[in-house]
Amino acid sequence: MQAKCVIPIWCRASRANQNVLDEADYAKAHNVPLLPLRIQAAELPLGFRGLHTLDLIGWKGDPADPAIQELLRNVGRTIAARPTVLRIGNKQTELPTFFRSVSSHETALQPAAALQALRLFRADALLVSAYDIIKEKSEKQRNQMISDLEFCRSGEAVVLLDSGNYEASRKKDTTWTIGQLHEALTVTPHDVAFCFDDLNPPSDVEGVSRRVFESVERDAHQTRMPVLPIVHAPRKADGDINFSLIPETMKRVCLELQAKRSSWHIGFVPQSALEGTYVYHL
């Protein structure tokens, strides 16, 4: 259910309407906040009498009415509330979530050894690089990494697959390609993945958002798991980061991906699960 809140309007007609009761029950069962109000002197249905219900009996349509103003405040607080859990598929983890990184560039341990350590300590969320999976020269080590990731996922851990561009750029490896990320998406157990991010984005909002959207759309066809966008802030001619483009760019990316999501048969970024998780890099 995508609704952030539901407003049951109780009156004699709605109180006796099974569809209204069923919809309110459905929202309640899925932990969607209910903000009921009453427009007639009707008895509240069983199961909803303990909820704070605003009294709008006799309301004449005045937008300044204290009850309407209270409703608007309640709606604002409810839909603006920060989520407390991150839901991905049938898994969830409490927010804020710390993804323990497995990286051949950042961590002291080699990726295979780091994964074994995280498996031992039953990490609830971990980040593994597509670069380290594909670039691992030892087939035995690669198979062990895949096996450890499968074990972690079976234990309800959330596995986030990074695009590999971070390791490739830090190691100045220009051979890393989109095709290699797609190979990693095929062979690596994961719950969510980052798209192949553009490290040198265009200098305008339209160009940046279009590149990100195309990357997510392309990479989402390589996995049945959610694919997250990464937005890199472009640089100005003098080399400084152009922060001013970020708000509008993020808005464009969110709107475009949300509009397209319903027409794709494979999943990416369920709004209720990953809202607010779009990432931008400097």
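Please treat every number below as a calculation from the coordinates, not as lab data. Treat the numbers as computed from the prediction; the structure is a model and nothing was measured. Cβ sites come from the backbone with ideal geometry, for glycine too, and all protein chains shown count toward neighbours.
Place +1 on the Cβ of every Lys and Arg and -1 on the Cβ of every Asp and Glu in the chain, take the dipole about the Cα centre, and give the residue among A220, S147, V32 whose Cα lies farthest towards its positive end.
So the residue we want is V32.
How big, in percent, is the set of alpha carbon pairs in the chain lying more than 23 Å apart?
Values: 25145 of 39621 pairs.
So the pairs more than 23 Å apart make up 63 percent of the total in the chain.
Using only helices, what value at 222 nm comes out for the chain when you add -39,500 (n - 2.57) per DSSP H run of length 4 or more and divide by the total residues, to the nearest 500 deg cm²/dmol?
Numbers: 11 runs with 115 residues, N = 282.
The per-residue figure over the chain is -12000 deg cm²/dmol.
Determine, at each q value in 0.15, 0.21, 0.22 (inverse angstroms), the log₁₀ of I(q)/I(0) that the Debye formula gives when each Cα of segment 9-80 is one equal point scatterer.
Calculated log10 I(q)/I(0) at the listed q: -0.53, -1.00, -1.07.
Sticking with the crude label model, points 7 Å out along Cα→Cβ, report the distance from K28 to I57 in nm, one decimal please.
2.1
Of all DSSP beta bridges in the chain, what percent run antiparallel (nearest 5)?
On the way: 5 of 25 bridges.
Counting only bridges with both partners in the chain, antiparallel ones make up about 20 percent.
Working from Cα positions, state the angle (0 to 90°, nearest 10) between the long axis of helix 246-261 and the longest principal axis of the chain.
Around 80 degrees separate the two axes.
Among 219-225, 239-245, how do they line up from the highest to the lowest mean number of other beta-carbon atoms within 10 Å? Before the final figure, lay out the partial values.
Details: 219-225: 19.0, 239-245: 12.7.
Taking the mean over residues of other Cβ atoms within 10 Å, the ranking is 219-225, 239-245.
Among 138-145, 152-159, how do they line up from the highest to the lowest mean number of other beta-carbon atoms within 10 Å?
Values: 138-145: 14.5, 152-159: 17.6.
So the peptides 138-145, 152-159, ranked by packing, come out 152-159, 138-145.
Average the reciprocal distances over every distinct pair of alpha-carbons in segment 83-194, invert the result, and give the Kirkwood radius in Å.
Values: mean 1/r = 0.0708 Å⁻¹.
After inverting the pairwise mean of 1/r, the radius is 14.1 Å.
To the nearest 20 Debye, how big is the dipole of the chain about its Cα centre, given +1 on the beta carbon of each Lys and Arg and -1 on that of each Asp and Glu? Walk me through the numbers before you get to the answer.
Details: 33 positive and 34 negative charges, 72 e Å.
Rounded to the nearest 20 debye, it is 340 debye.
Take every DSSP beta bridge whose two residues both sit in segment 1-138, then give the antiparallel share in percent to the nearest 5.
Numbers: 4 of 12 bridges.
DSSP beta bridges in segment 1-138 are roughly 35 percent antiparallel.
Consider just the alpha-carbon atoms of segment 146-255 and return their Rg together with their Dmax, both in angstrom.
Over segment 146-255's Cα set, Rg and Dmax evaluate to 15.4, 49 Å.
Using 0.36 nm per residue, how much length does the chain from R153 to S138 gain when fully extended, once their Cα-Cα distance is taken away? Please list the in-between numbers first.
Details: separation 15, 0.36 × 15 = 5.40 nm, distance 2.28 nm.
Taking 0.36 nm per residue and subtracting the Cα distance, the gain is 3.1 nm.
Once you sort the root eigenvalues of the Cα gyration tensor of segment 40-98 as a ≥ b ≥ c, which label holds: rounded (a/c under 1.5), prolate (a/b larger than b/c) or oblate (the other case)?
Working: a/c = 4.41, a/b = 1.95, b/c = 2.26.
Oblate is the answer for segment 40-98, as a/c is 1.5 or above yet b/c matches or exceeds a/b.
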